[in-house]
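First the structure, in the form of structure tokens, and then the observations on it.
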Amino acid sequence: MKLVVTEKNDAAQKIADLLGASKPKADKVYSTPVYRFDLDGEEWVTIGLRGHILEPDFAPSLVYKKSKGWQGVTEEGEVLPAAIPATLPKPPFKKKKPFTVDGVELKAWKMEALPYLVYAPIEKLPKEKEIIRSLKNLAKKADSIVIATDFDREGELIGSDALSCIQEVNPDAPVSRARYSAFTKEEITNAFENLVELDTDLASAGASRQDIDLIWGAVLTRYLTLVKFAGYGNVRSSGRVQTPTLALIVARERERLAFVPEDYWVIKGAFGEVDDAFEAPHETARFKVESEAQAVMAHIEGKTKATVESIEKKKRTVAPPVPFNTTSLMAAASAEGLSPARTMRIAESLYMDGYISYPRVDNTVYPSSLDLAETVQRLVGNPAYAPYCRELLSKDKLTATRGKKETTDHPPIYPTNSATPDDLPAAEYKLYNLIARRFLATLSEAAVVEGTKVSLEVGGETFIGRGDVLVKQGFRAIYPYGLKKDEQMPALEQGQQIAFGGATCTKKQTEPPARYSQGKLIQEMERLGLGTKSTRHSIIERLYAVKYIMNDPIEPSQLGMAVCDALDKFAPHITHPEMTAELESEMDNIAAGSTSKETVVTNSRNLLADQLGELIPHSEEVKEALADAVAADAFIGKCPKCGKDLQLRASQKTRSMFIGCSGWPDCDVTYPVPKGKVESVEEPCPTCGMPQIKVTAFRSKPRIVCIDPTCETNHEPNVEVGECPTCKAQGKTAKLIAQKNPRTLKRFIRCENYEECNTGYPLPQYGKLTATDEVCEHCGAPMVIVTTNRGPWKLCPNFDCPGKEQDKDAKKGASAKKGAKKSTAKKK
DNA sequence: GCAAGGTC
């Protein structure tokens, strides 16, 4: 039996489809799908991994031997390459026990352990145990192995890891490597007819990246976390990609902080009458000196006529966009309000459901194997695209635009099936629509815009009016994204006298450079070689998760700035994108065989040891800087009782947020905080003068709330919502009252007879509450209406209402149906 | 409790 190992299940299936003479049989080994088929009388099996199946981590235990020059030796007797440098105290010799120095176990998160952690040996541990089990099971029966992972450095490493698992159970089977860069019959057949050897140097290059990332990431993350320990769950991370990315954001913020705005004045004139009215600015777009602007205003004072001095018309073409790769998709979706991380989550799901092609690509040129006309034909299924598709199909030949990046890994992102708004949830359709329209746009003609420039003279001063009109739609007919509105100029003639309705002079200020949007940041990361198409969005998410950055456009927190400054001062290697560039070139050397993984990793360890040597003596300074930053980020306002700072804090026990006085335990002032994301607001409450906070509940617009629960602005009258069903069943009558707990601000419904009857229901915590006359048909609780910015919502407040279960079942049924539809969509 | 890189 021949065993073919691919990087993912999808690839295993496709290769089986393309190589097998007849349809391959889908099977499972344990829970892993595999594909069996016959070829030239031999039995073949393909199995897909799940990316990396092994993961490097610090070895759980080791001993250091003096006889080996203080190099680490594992329990199995393997001598490890990294030696403890002569400058560090040597650990006591302890056999088969965790490595300790002065009683400190070096696996533990301890400041004293960090210099040793730099040199700690690394092992590869299983990550996908189920897959490894299935792989080994098949490997036992295999006569030969073909590694058919992706054709890149990480693919070589993934294949090499798979091979090490295979050889544990079957060391003798011959191994070869298939290299392909597209899933076409020709390419795959060719790859399997011309098998090569696994490139172990290339795999080592990938493995050195893994080790260096782990060592630097773990050491610096532990340093930052331990230097100012703030409780479990408060990790302050650092890494080869995330820290330079943070540095970009911080540098931009510093530019903004250093920016000195300059005043300037703008003069705008009103011309024409009624329907033909338009505005035009003075030919000097910005007056830096106010008196110059006033002189112009004086010249035109009282004038009522303007003369058309000249009219210039120029046509310019706007080229259709190039095909989407991952980066350009994320940038375009970011402009439409979908974050890169969300875009990738949605794209993955659209891909799995058969609506779009593989979403992780660098390529921006459609391969010749892609049938453009057939893809357009499929999109006819959506009535919104159908007329445009037919127009495209009526052409003799379809030509597509080409981007600058041409790789052969996958085709650029294009729609593989038609979908309508009824087929998909709103956000999914939004992204699908963008991808489908982009695809059609890449096959379209250029748009033509006619620009008009009109010179107008008033009292010896010149004004310039401009208009832009789309005269030929071209690709714009199907791709309206980023389209500017037409600015039509009325028909004018040279020498014509038109009405002048006076001018305004407005004082303005120059603006600092803009903060990065997530889309722009992704593009900048790509330009600097930071991260990959598959990881950039998650790196940004990580920076949000550790609270180094906030909002979009992205702003660094005080903590983010402090971390960046501390590292830049004492460990500058990690804050610059050059670390990645240098690593890339070292990896090229490893792949070329001119250096070894051991040399590169050891050099990197020495460099990290140097930087840690700078950080540790300055721990007090770093600690203070981080502590001040954390306090500044948490600052909400001043305590009304003791005057110290009120801070947003997390309860140790429940992790829920509250506002507490920094003078605790001397001062016990606290305030509750509503659910959702909480940010500080500068302006105090206009009613009571207490600090306010901005609260953003899940999927809602932010609202500004006074922190004082007793403030009038937080007062909500009690609302009678109906009769208590429990009391009614006992022959009594009692009202149910919706009310707010004055201390916690939690809103709930309770029976007015609560001393005897404990009937109560929870309520949504925000939105206007209104009572109805209706009673829930399932449980008899009164129905209420909650009106949020998403509109009114009628609900039964009973958490245990039997109707809720039925709702859930109905939803389950709907999604099962949808699943069935999805699988048919995929078959097509 | 760390990173970044694959993929789900």
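The values are calculated or read from the model by the stated rules, or taken from the named source; none is laboratory data. Values in this document were obtained by computation on a predicted structure and should not be read as measured data. When we count neighbours, we look across all protein chains shown, and the Cβ atoms used for this are built from the backbone with ideal geometry, even at glycine. Note: accessible area is taken over every heavy atom of the protein model, side chains too, but ligands, DNA and RNA are not part of it. Shrake-Rupley method; radii C 1.70, N 1.55, O 1.52, S 1.80 Å.
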Lys, Arg +1 and Asp, Glu -1 on Cβ, resulting dipole of chain A about Cα centre, debye, nearest 20: 1980 debye
Could you work out [θ]222 nm for chain A from helices alone, using -39500 (n - 2.57) per DSSP H run of at least four and dividing by all its residues? Round to the nearest 500 deg cm²/dmol. -11000 deg cm²/dmol
Cut-off 14 Å, label 7 Å out along Cα→Cβ of A:L39, residues of the range A:145-165 by amide N: A:145-149
With the contact rule set at Cα under 8 Å and sequence spacing of 6 or more, what percent relative contact order holds for chain A? 10 percent
For chain A, which whole-number percentage of the solvent-accessible area (1.4 Å probe, protein heavy atoms only) is attributable to carbon and sulfur atoms? 50 percent
Dipole axis of chain A (+1 Lys, Arg; -1 Asp, Glu on Cβ), positive-most option in A:V5, A:A591, A:P572: A:V5
Compute the Cα gyration tensor for the range A:326-443, then decide on rounded, prolate or oblate, letting a ≥ b ≥ c be the square roots of its eigenvalues: rounded whenever a/c is under 1.5, prolate when a/b is larger than b/c in the other cases, and oblate in all that remain. oblate
Working with all protein chains in place, sort A:W664, A:W793, A:W44 by solvent-accessible area computed with a 1.4 Å probe, largest first. A:W664, A:W793, A:W44
For the range A:326-443, averaging the sequence separation of alpha carbon pairs under 8 Å that lie six or more residues apart and dividing by its residue count, the contact order in percent is 34 percent
Based on the Cβ-Cβ distance of A:D396 and A:E186, what FRET efficiency does E = 1/(1 + (r/R0)^6) give at R0 = 25 Å, to the nearest 0.05? 0.40
Work out how much length A:T504 to A:E682 would gain on full extension: take 0.36 nm times their residue separation and subtract the Cα-Cα distance, in nm to one decimal. 60.8 nm
Can you send over the solvent-accessible area of A:R402, 1.4 Å probe, protein chains only, in Å² to the nearest 10? 140 Å²
With a probe of 1.4 Å, find how much accessible area chain A has per residue, and write the answer as a whole number in Å². 51 Å²
For labels at A:W664 and A:K768 in the simple 7 Å Cα→Cβ model, what's the distance in nm? 3.6 nm
With +1 on each Lys and Arg Cβ and -1 on each Asp and Glu Cβ, how big is the dipole of the range A:326-443 about its Cα centre, in debye rounded to the nearest 20? 340 debye
Would you kindly derive the ³J(HN,Hα) couplings of the range A:154-165 from the backbone phi angles with the Karplus curve 6.51 cos²θ - 1.76 cosθ + 1.60 (θ = phi - 60°), listing them in order in whole Hz, with x for Gly and Pro? 5, x, 5, 5, 4, x, 5, 5, 4, 5, 5, 5
Cβ-Cβ FRET estimate between A:S596 and A:E555, R0 fixed at 45 Å, reported to 0.05: 0.55
If I ignore ligands, DNA and RNA and count only protein heavy atoms, how much of A:R378 is accessible to a 1.4 Å probe, in Å² to the nearest 10? 90 Å²
Suppose R0 equals 41 Å; then what is the FRET efficiency for A:E290 and A:E312 from their Cβ-Cβ distance, rounded to the nearest 0.05? 0.85
Students sometimes get this wrong: rank A:S604, A:S596 by accessible area, probe 1.4 Å, all chains present, largest first. A:S596, A:S604
My understanding is that a pair violates if its Cα-Cα distance is over 30 Å; which of A:K28/A:K404; A:K507/A:K569; A:K110/A:K547 do that in this structure? A:K28/A:K404; A:K507/A:K569
For A:K110, what accessible area in Å² do you get when you roll a 1.4 Å probe over the heavy atoms of the protein chains, rounding to the nearest 10? 90 Å²
What distance in nm lies between label points placed 7 Å from Cα along the C-beta direction at A:D57 and A:F229? 2.1 nm
Normalising by the residue count of the range A:584-686, find the relative contact order in percent from Cα pairs under 8 Å and 6+ residues apart. 13 percent
What is chain A by shape, rounded, prolate or oblate, if you read a ≥ b ≥ c off the alpha carbon gyration tensor as root eigenvalues and call it rounded for a/c under 1.5, prolate for a/b larger than b/c, and oblate otherwise? rounded
If amide hydrogens are placed 1.01 Å from N in the peptide plane, which non-local residues have theirs closer than 5 Å to the one on A:K644? A:C639
For A:D468 and A:K701, extending 7 Å from Cα along the Cα-Cβ vector and measuring point to point gives, in nm, a value of 2.9 nm
